[in-house]
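Below is one structure; the comments refer to it alone.
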Amino acid sequence: MASLRRLSPRPLQFAGVGGNLMKREGLVSEFPMEDIAVMGVAELLPHLVRIWVRLRQTVTAVMDFRPHVVVTVDAKGFSFRVLRSITDAYRRLGVSRPPLVHYVAPSSWAWKGGENKLKNLADTLDHLLCILPFEAALFKAHGIKATYVGHPVLEDAFTSVAVCTSWCLSPLASVADTQNVYLLKLGCLLTTYSTGENPAHCRWWIKGSKSCSRQDFGLQSGSTVVCVLPGSRAQEVKRMLPLFESALDLLADKVPMLTAIIPTAPSHVITDAVTEAVKSWKTPNILLPYASEKDKYSAFAASDVSLCTSGTAVLQLQMARVPTVVAYRAHPLTEWLIKSRTKLHYISLPNILLDSPVIPEALFADCTPQRLFTLLCQVLEDSEVKEQQAKAAEQVLSMLVPPQQSVLESTGSLCSVENVFDWRPSMAAASTILTLLQIDKT
């Protein structure tokens with residue numbers, strides 16, 4: 001939304017459904033986004049009526065708003081039904097519909113027979129904004145217009161400064177590789193970029209001061225700190241937190257002065273669930289309710305290791321270079337469907353992109369407190385494991401930068417390809433949307 005405003009030659013008005021970050025950009029959400037934040041087949045069943053009601057409400061709101069473009073984000077089960085319903089509604093009116101764009105491509109590449117389901121996707125939407133480097137070519141091969149715009153996790157390197165009223169850039173005088181290095185000062189956080197000819201070769205690293213962050217959290221010297229990230233959906237939190245609690249109890253018997261830091265998603269449903277659950281924890285913990293990006297990265301900076309439910313948070317931990325253990329459990333039916341249909345060997349994106357178990361994973365029946373305890377000990381004690389994860393982060397994050405051609409096409413005269421601040425995925429995504437609007441008008 002911010003990048004659309006920056007690039008658009010005309011004032012913009014937004015309407016739709018979104019979370020707190022979109023609300024800060026001026027969106028008045030039609031309903032709480034948590035109402036449709038459900039993942040998994042069995043998990044979905046109890047919420048079908050509510051989601052159907054929200055789907056009809058969304059389509060009605062779109063038709064009342066009469067937008068120049070419709071952009072759906074992720075949640076393909078809900079989003080694609082909304083897009084098809086919008087097409088049907090405009091067809092009944094006998095007028096042409098606005099361009100339909102979907103942001104975050106469906107992971108058809110991950111499932112057996114997934115590509116067979118792409119046959120009708122070109123009739124559902126006009127353009128697909130892809131966040132993984134290999135996706136655009138795959139969808140184009142199936143007749144679907146697609147653009148690789150980079151992964152949104154890289155936005156954290158820019159949006160983390162938005163909470164400050166002032167910030168500055170300062171060059172680092174002595175650099176071994178003779179490239180310019182800039183430190184973006186934000187309290188105890190330093191976002192580091194090594195700028196060369198191509199920002200894809202930057203070190204995408206949100207680096208914080210461990211001592212400063214620990215002091216802010218009132219942690220004792222010598223503490224071992226585990227950052228606990230139980231998920232952003234209510235079902236995930238309820239399923240994962242008891243496992244994490246038991247794993248930390250085992251770890252506390254071996255590691256003295258153990259403390260957990262728990263940033264919660266900016267949702268009252270998630271925050272209330274986590275707050276209630278951790279009241280009975282034996283392991284000392286610091287709860288960060290409704291954690292902002294700054295709060296979250298400060299927690300990362302203070303941590304020795306993270307215990308994380310599979311999701312986008314894994315990439316954020318890589319941005320901060322926090323050694324990580326990934327965990328995932330679901331409803332037994334959902335787990336069975338995943339295991340029987342997936343083509344993948346891993347669940348976390350870094351491991352998928354590198355085709356290597358760089359980040360230890362404990363999945364499904366293997367996700368037990370004892371297994372999590374064993375993996376946490378391994379990551380804490382083995383410096384080689386930590387080094388491998390740090391090197392993997394460099395590789396993975398460089399793969400997620402928008403391609404140079406996309407930046408050139410998207411930013412035009414407003415931006416410079418040499419300026420790392422213009423290599424934002426949101427800029428590439430916003431300009432693709434605006435370009436579609438221009439084509440539609442002609």
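The values are calculated or read from the model by the stated rules, or taken from the named source; none is laboratory data. What you see is a predicted model, and the numbers here were worked out from it, not measured in a lab. Methodologically, a virtual Cβ is constructed for each residue, glycine included, from the backbone with ideal geometry; neighbour enumeration extends over all protein chains shown. Note: accessible area is taken over every heavy atom of the protein model, side chains too, but ligands, DNA and RNA are not part of it. Shrake-Rupley method; radii C 1.70, N 1.55, O 1.52, S 1.80 Å.
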Fill in the blank from the handout: Out of (1) without any contact (Cβ under 8 Å) to a residue 24 or more places away in the chain; (2) surrounded by 15 or more Cβ atoms within 10 Å (Cβ to Cβ), the one ARG92 does not meet is (2)
Fill in the blank from the handout: Scanning region 19-69 for residues that are open to solvent by less than 40 Å² (accessible area, probe 1.4 Å) and on the phi > 0 side of the Ramachandran plot gives GLY40
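Residues checked against (1) open to solvent by 30 Å² or more (accessible area, probe 1.4 Å); (2) in contact with a Lys or Arg (Cβ under 7 Å, 6 or more places away or on another chain):
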site: VAL225; (1), (2): no, no
site: GLN235; (1), (2): yes, no
site: ARG239; (1), (2): yes, yes
site: VAL255; (1), (2): no, no
site: SER267; (1), (2): no, no
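Considering only residues of region 252-271 that are part of a helix (DSSP H, G or I) and either over 21 Å from the mean Cα position of the chain (by Cα) or free of Cβ contacts under 8 Å to residues at least 24 places away in the same chain (or both), which is farthest from ARG214 (Cα to Cα)? Can you show your working first?
Kept after step one, since they are part of a helix (DSSP H, G or I), are these residues of region 252-271: 252-254, 268-271.
Now drop any that are not either over 21 Å from the mean Cα position of the chain (by Cα) or free of Cβ contacts under 8 Å to residues at least 24 places away in the same chain (or both), which leaves 252-254, 268, 271.
Working: ALA252: 19, ASP253: 22, LYS254: 21, HIS268: 26, THR271: 22 Å.
Step by step, filter region 252-271, then rank; the result is HIS268.
Conditions (1) at pLDDT below 55; (2) touching a Ser or Thr at 6+ places or on another chain (Cβ under 6 Å); (3) of a type in the set (Gly, Ala, Ser); (4) not in a helix (DSSP H, G or I), marked per residue:
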position: ASP156; (1), (2), (3), (4): no, no, no, no
position: TRP167; (1), (2), (3), (4): yes, no, no, yes
position: ALA173; (1), (2), (3), (4): yes, no, yes, yes
position: LYS207; (1), (2), (3), (4): no, yes, no, yes
position: SER213; (1), (2), (3), (4): no, yes, yes, no
position: SER232; (1), (2), (3), (4): no, no, yes, yes
position: GLN235; (1), (2), (3), (4): no, no, no, no
position: PHE244; (1), (2), (3), (4): no, no, no, no
position: LEU250; (1), (2), (3), (4): no, no, no, no
Problem - Candidate set: region 272-292, residues that are in contact (Cβ under 8 Å) with a residue 24 or more places away in the chain and β-branched (Val, Ile, Thr); chosen: the one most open to solvent (accessible area, probe 1.4 Å) - result: ILE286
Fill in the blank from the handout: When THR312 is run through (1) open to solvent by 10 Å² or more (accessible area, probe 1.4 Å); (2) at pLDDT 95 or above, the failure sits at (2)
Problem - Filter pass, ARG371 being at pLDDT 95 or above, touching a Ser or Thr at 6+ places or on another chain (Cβ under 9 Å) and among the basic types (Lys, Arg) - result: no
Completion exercise
Across region 20-51, the tally of residues that are modelled with pLDDT under 90, part of a loop (DSSP other than H, G, I, E, B) and within 17 Å of PRO152 (Cβ to Cβ) stands at 1
Practice task
Could you list, in sequence order, all residues of region 338-356 that are open to solvent by 30 Å² or more (accessible area, probe 1.4 Å), closer than 16 Å to LEU317 by Cα and part of a loop (DSSP other than H, G, I, E, B)?
Solution key: ILE347
Handout entry: Flag if VAL71 is farther than 30 Å from ALA330 by Cα, outside any loop (DSSP other than H, G, I, E, B) and touching a helix residue (DSSP H, G or I) at 6+ places or on another chain (Cβ under 7 Å)
Key = no
Exercise for the section: Could you look through region 274-333, keep only residues that are in contact with a Phe, Trp or Tyr (Cβ under 7 Å, 6 or more places away or on another chain) and among the hydrophobic types (A, V, I, L, M, F, W, C), and pick out the one that is farthest from CYS212 (Cα to Cα)? Expected result: LEU307
Problem - Selected residue (criterion: nearest to ASP304 (Cα to Cα)) from residues of region 325-370 that are among the basic types (Lys, Arg) and touching a residue at least 40 places away in the same chain (Cβ under 8 Å) - result: ARG329
Completion exercise
Residue hits (region 319-334; part of a helix (DSSP H, G or I) and open to solvent by 20 Å² or more (accessible area, probe 1.4 Å)) are PRO332, LEU333
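Take the conditions more than 21 Å from ALA313 (Cβ to Cβ), of a type outside the set (D, E, K, R), crowded, with 21+ Cβ neighbours inside 10 Å and touching a strand residue (DSSP E or B) at 6+ places or on another chain (Cβ under 7 Å) and apply them to ALA136. Does it pass? Give the steps one after another, and end with the answer.
Working: more than 21 Å from ALA313 (Cβ to Cβ): yes; of a type outside the set (D, E, K, R): yes; crowded, with 21+ Cβ neighbours inside 10 Å: yes; touching a strand residue (DSSP E or B) at 6+ places or on another chain (Cβ under 7 Å): yes.
The answer is yes for ALA136.
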